[in-house]
């Protein structure tokens, strides 16, 4: 039989575990609104928003842009600030092709664990560079990893940006098969369609760790999604849902 002290200790540990689990859910799960509201997708069945994170990438972003252009589709690109600074002409091409750009922080840290002063700097520096390069204001922000806490969204809004998460994603950054990436996303898209919800799809055209990372599977999977849905669905940029 446990002693009262042991019972109290166990209860305390259990409470801590629940609190930690709740924090992790609020900080990382894209469907959570506990740390503030964020755009995911509206009740617009038949609409798909292709969004791409961690670029621009000199090897893969141009191939992706070529595919989108050939299909007359516009997408949303959440750019890492330091990558954008290194590839100014690519940023200008993204905007010139009619796509929407968003802020994905300067260096891709976990913002749920980052000091507020640095969060503010990461967002402000990125928006400043993007606006200088593209000549358009940056109105959307996606936190790296989806990681946030209340101050992250408050700072984004104070800088005039709408926080954005997603409702359709798979681990395309480490999956070598374009077919598997596309099939997993198709299952998510079709499930959302059945529930009357649009799909906010995340793929990666770059890597925050290594610009030499192979994003061929992600680009090919995006092409498969376009081929599958372009006759039955409407592809939109995120500002369509604003």
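The values are calculated or read from the model by the stated rules, or taken from the named source; none is laboratory data. As the structure is a prediction and not an experimental result, all values here were calculated from the model. Virtual Cβ from ideal backbone geometry, glycine too; neighbours counted across all protein chains shown.
General remarks:
- Residue list for region 137-180, restricted to those being assigned to a helix (DSSP H, G or I) and farther than 30 Å from residue 127 by Cβ: 178, 179, 180
- Considering the conditions (1) assigned to a helix (DSSP H, G or I); (2) touching a residue at least 24 places away in the same chain (Cβ under 8 Å); (3) surrounded by fewer than 23 Cβ atoms within 10 Å (Cβ to Cβ), residue 128 is excluded by exactly one of them, (2).
- Some residue of region 162-173 being surrounded by fewer than 17 Cβ atoms within 10 Å (Cβ to Cβ), without any contact (Cβ under 8 Å) to a residue 60 or more places away in the chain and within 18 Å of residue 205 (Cβ to Cβ): yes
- Residue match in region 100-122 (condition: assigned by TED's automatic domain parsing to the domain that holds residue 52, at pLDDT 95 or above, surrounded by 14 or more Cβ atoms within 10 Å (Cβ to Cβ) and at positive phi): yes
- Selection of helices (runs of 4 or more DSSP H) fully inside region 1-99 by the criterion of at least 3 residues being surrounded by 12 or more Cβ atoms within 10 Å (Cβ to Cβ) and at pLDDT 70 or above returns 61-70, 81-86, 88-96.
- Residue, surrounded by the most Cβ atoms within 10 Å (Cβ to Cβ), within region 186-205, restricted to residues that are part of a loop (DSSP other than H, G, I, E, B) and either at positive phi or touching a helix residue (DSSP H, G or I) at 6+ places or on another chain (Cβ under 6 Å) (or both): 205
- Enumeration of residues in region 54-84 that are closer than 17 Å to residue 126 by Cβ and in contact with a helix residue (DSSP H, G or I) (Cβ under 8 Å, 6 or more places away or on another chain): 54, 55, 56, 57, 61, 76, 77, 79, 80, 81, 84
- Of the residues in region 225-236, at least one is touching a helix residue (DSSP H, G or I) at 6+ places or on another chain (Cβ under 9 Å) and part of a loop (DSSP other than H, G, I, E, B).
- Failed item in (1) on the phi < 0 side of the Ramachandran plot; (2) in contact (Cβ under 8 Å) with a residue 60 or more places away in the chain; (3) out of contact with any strand residue (DSSP E or B) (no Cβ under 9 Å at 6 or more places or on another chain), with residue 137 passing the rest: (2)
- The requirement of being closer than 24 Å to residue 83 by Cβ, touching a strand residue (DSSP E or B) at 6+ places or on another chain (Cβ under 9 Å) and assigned by TED's automatic domain parsing to the domain that holds residue 74 is satisfied by residue 207.
- Evaluation of residue 188 against (1) at pLDDT below 95; (2) touching a strand residue (DSSP E or B) at 6+ places or on another chain (Cβ under 7 Å) (one fails), failing number: (1)
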